[in-house]
Amino acid sequence: MLKRSFHILVLVMLVFVVGGSVLAQDEPIEITVGGMNAGVEVDWINNVVAPAFEEMMAAEGKTVTVQALETPGTGEQIRQQFVLDLGVGEGADILAFDGFWLPEFVEGGLIQPLSALVGDAALEWEGWSVTPEGLQNILSFGGELYGIARGTDARVIWYRTDLFEQAGLPADWQPTSWDELLDAARTIKEALPDVTPLQLNAGTAMGEATTMQGYLMALLGAGQHIYDFEAGKWIASSPAILDTLNLYQTIYVTEELGDARYQLTQDGRDRSFEDFSNGTVAMLVEGDYLWRGPLAPVGGNFPMEDRDELVSFAMMPAIEPGAGYNGQDFVTISGGTGFILNPNTEHPEEAWALLSYMFSREALEGLQELQPRIRARTDVPVTGDETMSRIAEQVLPLTTIRPQLPEYNQVSAEAQLMTERVVSGEMSPEEAMAAFDEAVTALVGEENVIRIPIE
Amino acid sequence: MFILPALIFVAVFLIYPFFSIFAMSFTNQTLVGAGAANTQFIGLDNYAELFNFDRWMRRGELGYSLLLTAQFVIGSALIGQAGLGMLLATLFHNRKGLLRETIFTIAIAAWLIPDVVVAFGWFAYLAPDGTLNAFLNTLGIQGQDWLFDYPMISIIAFNTWRGTAFSMLLFSSALGSIPPSQLETADVIGANAWQKFRDILLPQLSRYILTDLLLITLWTFNTFTPFLLTGGGPTFQTDLISIYTYRTGLQFFQFGKGSAIAVVVMIINLLLAGVYLTLSQSRRRA
């Protein structure tokens with residue numbers, strides 16, 4: 001009796017398996033794109049790219065549908081989702097990916113290069129010849145390409161010209177040292193007591209935004225990077241780190257030129273965008289993302305109709321002229337994001353076809369009209385946005401990048417923690433740097449750190 | 001033979017995970033980075049790192065997290081839930097009416113609503129421009145950014161509100177089993193309310209109190225819901241042990257170290273249960 005029902009069970013399962021695979025051949029191929037917050041790009045893929053690409057595929061006799069899925073949450077939360085999805089062999093076919101995540105995902109065996117997933121077709125793509133190598137490298141590691149970069153960015157001090165004028169400061173403003181930056185903040189604090197003069201990102205709640213828009217912008221201004229590229233070692237303690245932490249202490253603790261609340265609460269970054277947008281924060285050190293994303297008059301989360309009149313930017317000065325990283329007067333740092341193929345995709349060829357179509361000149365020019373920014377392709381320039389063009393011309397030549405190393409993410413998190421300890425008043429700059437030194441040494445090993453003595 | 005399925009079930013879902021966590025706690029396993037592809041046995045290193053007494057009272061470390069958890073358990077479970085539950089149960093003992101029904105219904109509702117809904121509600125309630133501040137302002141009291149300036153008090157109040165119903169119901173039904181004649185006799189000889197509580201109700205409740213404390217201590221010790229309110233912050237001031245474990249395990253996917261924390265938490269849970277069980281045993285013998 002038992003044996004017989006077992007046979008029936010096997011039979012039923014076989015019918016399902018065979019039937020399922022027969023049915024699957026008739027089903028259209030669905031390619032999904034995941035990892036983006038709602039916004040211009042998701043709409044672009046769903047409303048512009050999808051119909052054009054589906055038509056292209058239909059001409060080749062394939063039924064393909066494309067869907068961009070909104071992924072809510074911060075960069076950290078999306079990264080967390082990717083690790084968990086990829087760890088169990090799941091996830092969208094194409095993933096919007098931040099370049100600095102790449103090394104640890106590769107080391108963890110979670111993703112695979114284009115050469116393995118697609119083969120020559122991907123390596124012979126027409127777009128590579130018009131993409132500078134530095135921008136190809138955003139999504140490459142160990143000599144292998146993993147995806148196509150959207151483009152790059154740069155970080156500056158965004159400020160409200162209306163508040164500057166009310167406080168008696170020039171609307172056309174460019175500080176040349178940290179003192180001049182702090183003086184402007186002091187003037188605003190005095191003239192406009194209800195306005196928070198200056199936010200320089202700090203704290204663990206903002207994650208990588210703290211490292212890129214806050215810590216590294218100050219550290220580079222003080223003359224050093226987080227990593228010594230020549231020696232190949234992490235800098236665990238240095239006068240520049242101390243200068244940076246002292247700057248944080250001045251801004252948030254001793255003079256209260258910024259409000260630590262933004263830095264220590266969970267939704268602090270969005271709150272700072274919102275308050276900049278409605279005119280209660282005067283200066284915000286941020287990437288060009290702030291301009292083209294949250295503040296965008298159309299499609300922004302905190303849209304400013306009069307953005308072009310009321311918002312301007314200044315370059316981040318070194319602590320003193322000529323004392324910045326590489327002897328520069330002004331500093332900035334670039335990141336880069338893009339799209340990679342999920343190694344678990346069932347249709348790598350079609351996924352690659354979609355990805356390379358998204359980054360064809362024709363498609364990208366369409367996106368450039370909706371959201372002008374610095375694209376990876378040199379044949380797609382920034383058009384129609386004077387501010388973005390100025391960033392590309394004036395600021396981008398000064399830039400540097402983060403070390404593309406698997407340990408970076410954890411060292412960066414320790415740097416965030418170090419700034420949090422200072423701005424919350426838990427530790428003095430010296431104590432915080434000592435704790436950072438200890439933690440980084442434990443992470444990467446004594447042989448991989450250097451310490452620059454403090455005179 | 002008949003218990004075999006149950007044994008397999010227990011083995012697959014309890015014993016195997018427990019031992020795999022225990023084993024993992026001696027490795028440097030991670031989900032990303034080099035530790036993922038090349039997991040190594042590292043002995044007691046994870047534990048040494050957790051119990052590094054030079055820095056374990058720093059914010060965001062194990063010792064600090066345990067201290068916060070102790071404050072949270074004492075404040076919200078022992079004083080908050082058990083204390084308030086006892087008060088409500090005693091006040092409304094042998095009474096009926098609209099007030100009792102209203103209070104009991106509110107307490108039970110607070111206990112039954114799903115976590116995420118409750119957390120959103122409290123988030124809105126405690127926000128700088130939230131309901132609580134609006135109410136205080138009408139009384140002429142200056143509002144506060146509660147979750148930022150008083151994070152621990154906020155989550156203690158939250159968890160007390162959330163869980164009082166259990167203790168209240170347990171004590172209330174226990175009180176129902178005490179013969180009314182005892183209290184009536186006490187009334188005849190002129191005992192006051194406190195004397196009645198101390199000499200009649202409390203001794204007969206003691207067994208239930210221990211059971212209640214055991215359960216709510218363990219629940220509160222392991223609860224994760226405050227994360228939805230504060231995310232463990234600001235600056236780790238509500239970094240309860242459950243949140244600490246989550247951060248280590250899922251932010252950097254350090255499964256080895258995360259497992260070591262889980263083992264420590266399991267041992268603490270066993271110790272707590274042991275203390276309560278020993279107490280109740282000795283009471284029963286006495």
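What follows is calculated from the coordinates using simple rules that are stated; it is not laboratory data. Just so we're clear, the structure is a prediction, and the values are computed from it rather than from any experiment. Note: ideal-geometry Cβ built from the backbone for every residue, glycine included; neighbour counts use all protein chains shown.
Rounded, prolate or oblate: pick one for region A:35-137, where a ≥ b ≥ c are the square roots of the eigenvalues of its C-alpha gyration tensor, a/c under 1.5 means rounded, and failing that, prolate if a/b is larger than b/c, else oblate.
It comes out oblate by the Cα gyration axes.
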message: Below 27 Å, Cα to Cα, which lysines can B:K257 reach? Residues fewer than 8 away in the same chain don't count.
response: A:K233
- line: Inverse of <1/r> over all distinct C-alpha pairs of region A:176-240, i.e. the Kirkwood Rh in Å, gives 13.8 Å
- prompt: Rg to Rh ratio, region A:178-283, alpha-carbon atoms and Kirkwood radius?
  reply: 1.01
- prompt: In the protein assembly as shown, what % of DSSP beta bridges are antiparallel (nearest 5)?
  reply: 65 percent
message: Counting only other chains, and only Cβ atoms inside 10 Å, what mean value do you get across the residues of A:106-116?
response: 3
statement: The answer for the net charge of residues other than A:L95 whose Cβ lies under 14 angstrom from its Cβ, with Lys and Arg +1 and Asp and Glu -1, is -4
task: May I ask you to give the average projected area over all directions of the convex hull of the Cα atoms of region A:90-245, in nm² rounded to one decimal?
output: 13.7 nm²
field: Long-range HN-HN contacts of A:R150 with modeled amide H, under 5 Å
entry: A:T337, A:G338, A:F339
statement: For A:V311, the residues 5 or more places away or on another chain with a placed amide H closer than 5 Å to its own amide H are A:T161
query: So how do B:113-125, A:359-371, A:83-95 stack up, highest first, on mean other-Cβ count within 10 Å?
result: A:83-95, A:359-371, B:113-125
message: Using just the Cα positions, wrap chain A in a convex hull and report its mean projected area in square nanometres, one decimal place.
response: 26.2 nm²
task: For region B:204-286, go through all pairs of different Cα atoms, get the mean of 1/r, take its inverse, and jot down that Kirkwood value in Å.
output: 14.5 Å
Cα Rg over Rh - chain B, Kirkwood: 1.05
task: Calculate how steeply helix A:2-26 sits against the longest principal axis of the alpha-carbon atoms of chain A, using the helix alpha-carbon long axis, and give the answer as 0 to 90 degrees to the nearest 10.
output: 70 degrees
field: Between 0 and 90°, nearest 10: helix A:429-444 axis offset from chain A longest Cα axis
entry: 30 degrees
message: Given points 7 Å out from each Cα along the Cα-Cβ axis, report the B:K96 to B:A70 separation in nanometres with one decimal.
response: 4.8 nm
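Only helices at least 24 Å long along their axis, Cα-based, and averaging 0.5 or more on Kyte-Doolittle count here, so list those DSSP H runs from chain B. Don't jump to the answer; show the numbers that get you there.
Numbers: long enough: B:151-176 (38 Å, 1.02); B:202-222 (29 Å, 0.80); B:255-285 (44 Å, 0.95).
Within chain B the helices that satisfy the rule are B:151-176, B:202-222, B:255-285.
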task: Mind giving me the nanometre distance, one decimal, between the label points for B:F53 and B:T105, set 7 Å out from Cα along Cα→Cβ?
output: 5.6 nm
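Provide the net charge surrounding A:R307, with neighbours chosen by a C-beta distance below 11 Å and charges set as Lys +1, Arg +1, Asp -1, Glu -1.
Net local charge, A:R307 excluded: -3.
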message: If amide hydrogens are placed 1.01 Å from N in the peptide plane, which non-local residues have theirs closer than 5 Å to the one on A:T400?
response: A:T332, A:I333, A:S334
message: Please compute the Kirkwood hydrodynamic radius over region B:78-220, one decimal place, Å, based on all pairs of different Cα atoms.
response: 17.1 Å
Inter-centroid distance (Cα atoms) of region B:121-166 relative to region A:229-266, Å: 32 Å
message: Using the Karplus curve 6.51 cos²θ - 1.76 cosθ + 1.60 with θ = phi - 60°, what ³J(HN,Hα) values do you get for each residue of region B:32-45, in whole Hz, with x for Gly and Pro?
response: 10, x, 5, x, 6, 7, 10, 6, 10, 6, 10, x, 9, 3
- line: Here the whole-number average of other chain Cβ atoms within 10 Å per Cβ of B:53-60 is 3
statement: Whole-Å distance linking the alpha carbon centroid of region B:1-55 with that of region B:63-118 is 35 Å
- line: Highest mean packing first, using Cβ neighbours within 10 angstrom, the peptides A:60-73, B:60-73, A:263-276, B:97-110 sort as A:263-276, B:60-73, A:60-73, B:97-110
message: Quick check: convex hull over the Cα atoms of region B:1-140, volume per residue in Å³, rounded to an integer?
response: 277 Å³
task: Once you have all Cα-Cα distances for region B:127-181, histogram them in 5 Å bins from zero and send the whole-percent values.
output: 4, 16, 15, 16, 12, 9, 9, 8, 6, 5, 1
- line: Between the Cα axis of helix A:178-191 and the main Cα principal axis of chain A, the angle (0 to 90°, nearest 10) is 80 degrees
- prompt: Summing Lys, Arg as +1 and Asp, Glu as -1, what charge do residues with Cβ under 13 Å from the Cβ of A:E393 carry, A:E393 excluded?
  reply: -2
Fully extended contour minus Cα-Cα distance, from A:E365 to A:Q80, at 0.36 nm per residue: 99.4 nm
task: Calculate the spin-label point distance for A:T187 paired with A:T383, positioning each point 7 Å from the Cα along the beta-carbon direction, and give it in nanometres.
output: 3.9 nm
- request: Let me know the charge dipole size of chain B about its Cα centre in debye, to the nearest 20, where only the beta-carbon of Lys, Arg (+1) and Asp, Glu (-1) is charged.
  value: 640 debye
message: Roughly how far apart, in whole Å, are the Cα centres of region A:365-439 and region A:277-317?
response: 17 Å
